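One structure is given below, encoded as structure tokens.
Every number here is computed from the coordinates shown, using simple stated rules; none is lab data. Being a predicted model, the structure only gives us computed values, none of them experimental. With ideal geometry, Cβ positions are generated from the backbone for all residues, glycine too; neighbour counts draw on all protein chains shown.
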Amino acid sequence: MLKNIDPLLNADVLSALRAMGHGDFLVVCDGNFPADSVARETVLGKLLRIDSVPAPRAIEAILSVMPLDTFIDDAAQRMEVVGAPDELPAVQTQVQSVIDAAEGKPWPMVSIERFAFYDRAKQAYAVIATGELRFYGCFILTKGVIAPDD
């Protein structure tokens, strides 16, 4: 155990988050996402897991150590519901609340069509599979910077 580090952040996840640079992005996905096959095509090349919890809790842990990119408008993205791109399932509403709390302000979450999401996910730094069972619990988060102390 480490002080001030969320216990959900295992060594592999922490290593990947630390290795990522500004502008690298991370996929956090539900149990139905083709996580292993997509992860093999990412920069890291292997699947990471935070299996024990739903996506909102995993993202809360991730955002406790990783800032979102403030230089772009789509640092938080969600997979669109097929046939209803404006629909926000409960899992996505909950993740929106987690992101807003982590960033200390309302934060835009952009939608991506399902197959475009899969294509973009293959370009990610890494994929983290969660224990999320609800449909459309798939998100892309772009890493930002931490400013120096003044």
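Under a cut-off of 17 Å between alpha-carbon atoms, report the aspartates and glutamates in cross-link reach of K46, not counting same-chain residues fewer than 8 places apart. Hits, sequence-local ones excluded: D12, D24, D30, D36, D119. Between E103 and R134, the contour length at 0.36 nm per residue exceeds the Cα-Cα span by 8.7 nm. The range 48-74 and the range 102-131 have Cα centres separated by 10 Å. Per-residue Karplus couplings for the range 85-94, computed as 6.51 cos²θ - 1.76 cosθ + 1.60 with θ equal to phi - 60°, are listed in order as x, 8, 5, 10, x, 3, 4, 6, 5, 5 Hz, Gly and Pro entered as x.
Straight-line reach from K105: taking Cα to Cα under 20 Å and skipping same-chain neighbours fewer than 8 places apart, the aspartates and glutamates in range are E60, D69, D73, D74. Listed by chain and number, the lysines whose alpha-carbon sits under 23 Å from that of K3, ignoring those within fewer than 8 places in the same chain, are K143. Dividing the summed helix terms, -39500 (n - 2.57) for each DSSP H run of n ≥ 4, by the number of residues in the chain produces a 222 nm estimate of -8500 deg cm²/dmol to the nearest 500.
Taking θ as phi - 60° and the Karplus parameters 6.51, -1.76 and 1.60, the scalar couplings of the range 130-145 work out to 10, x, 5, 9, 6, 5, 6, x, 10, 9, 10, 10, 9, 6, x, 10 Hz in sequence order, x denoting glycine and proline. Label-to-label distance for D149 and V110 is 3.5 nm, based on points extended 7 Å past Cα in the beta-carbon direction.
Summarising the amide proton neighbourhood of V81: residues at separation of 5 or more, or on other chains, whose placed amide H is nearer than 5 Å comprise E87. Every Cα-Cα pair of the chain was included, and the share exceeding 25 Å stands at 20 percent.
Take every DSSP beta bridge whose two residues both sit in the chain; close to 45 percent of them are antiparallel. The stretch between D51 and R18, if pulled fully straight at 0.36 nm per residue, gains 9.9 nm over its current Cα-Cα span.
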